[in-house]
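The values are calculated or read from the model by the stated rules, or taken from the named source; none is laboratory data. Note that this is a predicted model, so its numbers are computed, not measured. Cβ: placed from backbone, ideal geometry, glycine included. Neighbour counts: every protein chain shown.
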Amino acid sequence: MSEEKKVALITGATRGIGREIALTLAEEGYNIALNYRKANEELETLRKEIEEKGVKCLAVCGDVSNFEEVEKFVKEIISEFGRIDVLVNNAGITKDMLLMRMKKEDFESVVDVNLVGTFNVTKNVISYMMKARSGRIVNISSVVGISGNAGQTNYSASKAGIIGFTKSLAKEVASRNINVNAVAPGFIETNMTEVLKEEIKEEIAKSIPLKRMGKAKDVANLVKFLVSEDSSYITGQVINVDGGMLM
Ligand code: NAD
């Protein structure tokens, strides 16, 4: 029997942007399937916070770059909830360095998690959405997938790949009432950007028209809109959440 509540799967959801998306969609009344790679205290706290919002939370372990692990956790979600209405491909990594110094493994591992991971999860979820003749997919890209960035050939290639993937899939599944969009965040305050030196962060903030780094909530709010009925006529788009950085 299918659960009455809609189900949202968010990958790499234990911290940062993914965590905020999970909490925001829980507030909207979705049962939440959280994908994580390694269990930790953060996961238990998040699970409690989600359940306090009156929805169910299923945490599923798996590396998105491993097709078999993804296949297994998607089946786990279907056997628990009977449906997946929303997929947010959020899991991502960086391994920044100039191409001169970059090893083949540094390039491959970033593409494997960010781009192949997006393929692996979408491929395993799409048949359920096709059968239901409805679904929403949001892929987290990045402004550097559009603009490029020195020191990020691996990351920006993976994020540009996500944009091509999003547009092609949007065309393939539109007739089944499945909308596929990409979100391109600029500089968002999370663990990913915490590694930057304070003076670099200040320089970045100065160069952003809205004069601040973004918050995970800024991204989650857009995802909330893109999975809602209010965005039913929007598909195949890349929407920046970047304080005006890229215009
Ligand atoms: P983060 O490092 O805080 O979170 C990334 C999450 O992905 C972590 O929970 C991590 O465990 C998970 N993850 C990594 N590899 C995984 C794998 N193989 N399988 C499953 N989970 C995995 O980073 P964040 O800033 O929250 O980033 C979230 C997404 O937003 C990423 O795709 C990132 O590229 C993108 N993004 C972030 C920024 C930014 O400024 N923070 C800007 C543009 C895009």
Requested in this report: Answer yes or no: is there a residue in the stretch 232-247 that is part of a helix (DSSP H, G or I), within 13 Å of the ligand (Cβ to nearest atom) and either among the charged types (D, E, K, R) or touching a Lys or Arg at 6+ places or on another chain (Cβ under 9 Å) (or both).
Outcome: no
Query raised in the report: If you go through the stretch 192-215 one residue at a time, how many are assigned to a helix (DSSP H, G or I) and within 13 Å of the ligand (Cβ to nearest atom)?
Result: 7
Query raised in the report: Which residues, taken from the stretch 2-45, are aliphatic (A, V, I, L, M), buried (at least 20 other Cβ atoms within 10 Å of the Cβ) and not in a helix (DSSP H, G or I)?
Result: Val7, Ala8, Leu9, Ile10, Ala13, Ile32, Ala33, Leu34
Query raised in the report: Out of the stretch 48-101, which residues are in contact (Cβ under 8 Å) with a residue 60 or more places away in the chain, part of a helix (DSSP H, G or I) and more than 15 Å from the ligand (Cβ to nearest atom)?
Result: Phe81
Report task. Kindly establish whether Asn179 is over 21 Å from Gly16 (Cβ atoms), in contact with a Gly (Cβ under 9 Å, 6 or more places away or on another chain) and of a type in the set (S, T, N, Q). Result -> yes
Query raised in the report: Taking the stretch 124-145, which residues are of a type outside the set (Ser, Thr, Tyr) and under 17 Å from the mean Cα position of the chain (by Cα)?
Result: Asn124, Val125, Ile126, Gly135, Arg136, Ile137, Val138, Asn139, Ile140, Val143, Val144, Gly145
Query raised in the report: Any idea which residue in the stretch 165-191 is farthest from the ligand (Cβ to nearest atom), counting only those that are outside any loop (DSSP other than H, G, I, E, B) and within 22 Å of Asp106 (Cα to Cα)?
Result: Phe165
Requested in this report: Kindly establish whether Asn221 is under 19 Å from Gly18 (Cβ atoms) and assigned to a strand (DSSP E or B).
Outcome: no
Report task. Could you tell me whether Ile204 is under 18 Å from Thr94 (Cβ atoms), of a type in the set (Val, Ile, Thr) and in contact with a strand residue (DSSP E or B) (Cβ under 7 Å, 6 or more places away or on another chain)? Result -> no
Report summary line: Only one of Tyr128, Tyr155 is more than 10 Å from the ligand (Cβ to nearest atom) and either at pLDDT below 95 or farther than 20 Å from Glu20 by Cβ (or both), namely Tyr128
Query - Failed condition for Lys95, given (1) under 28 Å from Gly186 (Cβ atoms); (2) exposed (fewer than 14 other Cβ atoms within 10 Å of the Cβ) - result: (2)
